[in-house]
Amino acid sequence: MYQVKPVSGGHVKVDLPTCMYKLPNIHAQQGNSCTSEHALQNGEVDPAVRALEARQDEILRKLYELKAAVDGLAKTVTTPDADLDLTVSSCLSSHSPIPSTFKGVTDLDTVLGKDLGALRDIVINANPAQPPLTLLVLHSLLCQRYRVLSTVHVHSSVSNVPQQLLSCLGPSHADSYSRNLFQLGFTLIWKDVPKLQMKFSVQNMCPIEGEANIARFLFKLMAPYPSDPAQATLIDNWVDMAFFQLAEGSSKERAAVLRALNSALGRNPWLTGSELSLADVACYCCVLQSGSVSSAPANVQRWIKSCENLGHFSPAKLLVK
């Protein structure tokens, strides 16, 4: 292009800020050349520019990871449950999809909403005086199907939490801070609450209370409820009997439920047919928690051994011991 005379002499000095990188003064160049020392011919890119672009890409990558971590933590820090004192465990499970324990496949996007880059974290508040055994079994099943980041916290409202409760979700994992490696977050907070509480999305979902309701929600992450209304009603009936009669009922109510269990298990290997269901998980945990294992009838005893042979029920059994 045509050349123009410099508008100012090269001796003029301007105070420049020191918070940004410096560029050469084009007015200080001698002769007819107005090309800076960093400009190259034939479309080549200056190595300093390449280094700057690489640094920018690295910063953007770290910012994306930080945003994903902050979005996941926002589910706890934007609620009154943000007063967390201690993080004690996290685990990663990258096993192959669960075998033929359940029929059907659940899409996480269908149940939890579309994944927008942040880890979908399920936050559960539980009272250490009443450990939720069903959640431990369902957590073990979730870890076999998905890559789950499991974390245990202690709220300031409780103290002297037993060590077995602090490690109930398994050992810590080296990649616990790389939240982008996981499909699902499972955060258990030991807190002084009257009922079990679960929060998933503060913006789009109200809290869920009660162990039975939370167990239903978690089970749907692995397998949908049966399409047959009669079969779905049968599962719900067993779940309600387990929590309201076995776990909280009188001795007469527990005896009646044990007789019903014995009758149903005399016809099928599992409570609702030939496959394990949420009814088996709920009833097993409530039988265990109520201390009715030793007095259970023969069919119930056989069913208890069948549950324990699967391995997913061992966390609940170890916690009761």
So, in nm, how far is label ALA256 from label ARG50 when the simple model puts each one 7 Å beyond its Cα toward the Cβ?
8.1
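Kirkwood-based Rg over Rh for region 121-166 (C-alpha set), two decimals? Please report the intermediate quantities before stating the final value.
Working: Rg = 11.7 Å, Rh = 12.0 Å.
Dividing the radius of gyration by the Kirkwood radius yields 0.97.
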Rounded accessible area of THR18 (nearest 10 Å², 1.4 Å probe):
130
Quote to one decimal, in nm, the extra length available between LYS305 and GLU58 on full extension: 0.36 nm per residue of separation minus the C-alpha distance between them.
83.6 nm
Keeping the other protein chains in place, figure out the carbon and sulfur percent of the accessible area of region 229-319, with a 1.4 Å probe.
52
Report the paramagnetic label zone for GLU209: residues of region 237-255 whose backbone N is under 15 Å from a point 7 Å from Cα along the Cα-to-Cβ axis.
none
Note on region 279-321: alpha-carbon gyration tensor, axes a ≥ b ≥ c; rule is a/c under 1.5 for rounded, else prolate if a/b larger than b/c, else oblate; result oblate
Long-range HN-HN contacts of ARG120 with modeled amide H, under 5 Å:
GLY185
Using a Förster distance of 30 Å, how high is the FRET efficiency between CYS19 and ARG147, based on the Cβ-Cβ distance and rounded to 0.05?
0.10
Quick one: which residues, 5 or more positions from ILE189 or on another chain, have an amide H under 5 Å from its amide H? H modelled 1.01 Å from N in the peptide plane, none for Pro or chain starts.
ILE124, ASN125, ALA126, HIS153
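The values are calculated or read from the model by the stated rules, or taken from the named source; none is laboratory data. For clarity, every value in this text was computed on a predicted model and none was experimentally measured. Cβ: placed from backbone, ideal geometry, glycine included. Neighbour counts: every protein chain shown. Note: areas computed on protein heavy atoms with side chains; ligands, DNA, RNA excluded. Shrake-Rupley method; radii C 1.70, N 1.55, O 1.52, S 1.80 Å.
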